[in-house]
Amino acid sequence: MSTWVEFYNDIKDPSWPVCEQESDFPSLPRHIQDECINVYGYNIGQFKHTSKLVNKPFPINTPTACQLKWNWSTVFLTTGETASCHRTNHHKFDTDKFDFHNTPSKVDDRKQMLQGKWPKVGCDYCINIEKAGGQSDRITNLDFPGQHAPVELADNPIATQVTPRILEIYFDNTCNLKCLYCGPRFSSLWDAENVKFGDPALAKDPNLQSNKQKLFDWLKVNGQYLTNFNILGGEPLYQRELEECLDLFEAHPAPELKLQIFTNLNAKLDYVKKVTKRVKHLIDTGCLREFEVTASLDCWGPQQEYVRFPLNLKTWETNFEYLLGCDWINLIISSTVTPLTVKTLPDLLNKIQEWNKVRTVYHYQNSVNSPEFMFIDIFGDIFSDDFDKALLLKPERTPEEISSKNYLLGIAKQSKNNEPNVFEIRELFNHLNKMDLRRKTNWRETFPWLIDEFRKYDL
């Protein structure tokens, strides 16, 4: 929920009194306060910095309509490409005009959706999940508050030339990890490793620095229209652009903007403290509305350190516990579900339950776009018990938690409904062996259950 009123009206019993201001919460009867906190996970003051923009339903209601296609842009400065979300195909855009949101491809996709048709390419991820009976990103994001709808839709609900509300930026591939399902596009360590073993280096856009300046110029003019600004990587805590963005918003305030970073949390604690204190100052002075940290963590234990190599789980936990004590920061844990992480996902969910005793920590899941040998369904229906255990640990106190649980259920259905893909199983086997040789790791010790699975296919 984006506002106190939305939250309260969604959960209230007909017998409860009207309460239009969060500041009036202490005046509610004690039993109502207790139910809000203990049953629905309310934290006192959690809506203090939420947006004052008026929420309206997303006006496009066709069977294929995706709010992200209108309100969201992802920009990859490293390669000079853009996308409507992190699931769709990336494509080049005119960096001279720097119009990354209204490219011919995106406008055509919007026209297709207005007719109730799927875009010709790029939406396969959501199509497949919906066919399996699961909840796709498209469906999940239709629940976004209407404040995210482009301003142009207020006057023209079928407009296809619009201004984004949510901007997701990949400044560079600088990163201190080389996750198993990642690659040089998003990790400088991956790039260096590939070069070491004879592969060509990543070809970066020659206009990277000038494009970065164009982005900052765009933000100076259009930042006021954004509700969300998401910084990804690489690793934002290892990129100077994070502090450059803070400088920009201090000089050009965006009081309705939520700043969000996606991080592996394997940075030095002193630097994590430095960044958070700086952001707190910007919020307190009205330059930003809110700060959200999405920390990547797929599972728990040695399996996590193998998949997100060379992550130090102790460092991650130390940094996260510091953020846990900063109750003004929204905390989210994002888990990428792969065949290597499902079995210890319940262990992670138990940890999240412990952290939720301190304060609310949200959790959501996603799946790998590529490589295909990391798709959850390559082994067919072998994870049913593991998914059942995980689903039992997913709370259902709020609409957001219900949506997250439904999303995981969709991934489980996707796994259950497909037959084993022998080709991709073989590709996974070869990939793990290749990584072990490069990194001096041992998948057989870390994932002993995989030995028997691979033997089924004479591997």
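Here are some notes:
- Here ILE158 clears all of (1) assigned to a loop (DSSP other than H, G, I, E, B); (2) of a type in the set (A, V, I, L, M); (3) over 30 Å from ALA65 (Cα atoms) except the condition numbered (3).
- All helices (runs of 4 or more DSSP H) inside region 333-438 with 3 or more residues being modelled with pLDDT under 95, of a type in the set (Ser, Thr, Tyr) and within 19 Å of the chain's Cα centre (by Cα): 399-416
- Contact map, region 127-149: first residue at positive phi, second residue at pLDDT 80 or above and not aromatic (Phe, Trp, Tyr), Cβ cut-off under 7 Å, separation 6 or more or different chains; pairs are GLY133/LYS413.
- Candidate set from region 439-454 (those that are part of a helix (DSSP H, G or I) and of a type in the set (D, E, K, R)); member that is farthest from LYS131 (Cα to Cα): ARG439
- Residue in region 233-244 that is among the basic types (Lys, Arg) and either assigned to a helix (DSSP H, G or I) or within 27 Å of LEU68 (Cα to Cα) (or both) present: no
- Some residue of region 35-47 being modelled with pLDDT of 90 or more, charged (D, E, K, R) and over 25 Å from GLU292 (Cα atoms): yes
- Given (1) surrounded by fewer than 22 Cβ atoms within 10 Å (Cβ to Cβ); (2) farther than 27 Å from GLY223 by Cβ, index of the condition SER187 fails: (1)
- Complete set of residues in region 404-434 that are surrounded by fewer than 16 Cβ atoms within 10 Å (Cβ to Cβ) and aliphatic (A, V, I, L, M): VAL422
- The selection criterion, being of a type in the set (Lys, Arg), modelled with pLDDT under 90 and assigned to a loop (DSSP other than H, G, I, E, B), holds for LYS204.
- Only one of LEU215, LEU269, LEU259 that is surrounded by fewer than 18 Cβ atoms within 10 Å (Cβ to Cβ), assigned by TED's automatic domain parsing to the domain that holds GLY325 and either touching a residue at least 60 places away in the same chain (Cβ under 8 Å) or not acidic (Asp, Glu) (or both): LEU269
- Which numbered condition CYS175 misses (of (1) of a type outside the set (Ser, Thr, Tyr); (2) free of Cβ contacts under 8 Å to residues at least 40 places away in the same chain; (3) buried (at least 21 other Cβ atoms within 10 Å of the Cβ)): (2)
- Contact map, region 436-459: residues that are under 19 Å from GLU193 (Cα atoms) and without any contact (Cβ under 8 Å) to a residue 60 or more places away in the chain paired with residues that are part of a helix (DSSP H, G or I) and not charged (D, E, K, R), Cβ distance under 8 Å, separation 6+ or inter-chain. Pairs shown: ASP436/TRP443.
- Flag for TRP300 being under 22 Å from LEU408 (Cα atoms) and free of Cβ contacts under 8 Å to residues at least 40 places away in the same chain: no
- Condition met for CYS175 (part of a loop (DSSP other than H, G, I, E, B) and at pLDDT 95 or above): yes
The values are calculated or read from the model by the stated rules, or taken from the named source; none is laboratory data. As the structure is a prediction and not an experimental result, all values here were calculated from the model. Reconstructed Cβ throughout: ideal geometry from the backbone, glycine too, with neighbour counts over all protein chains shown.
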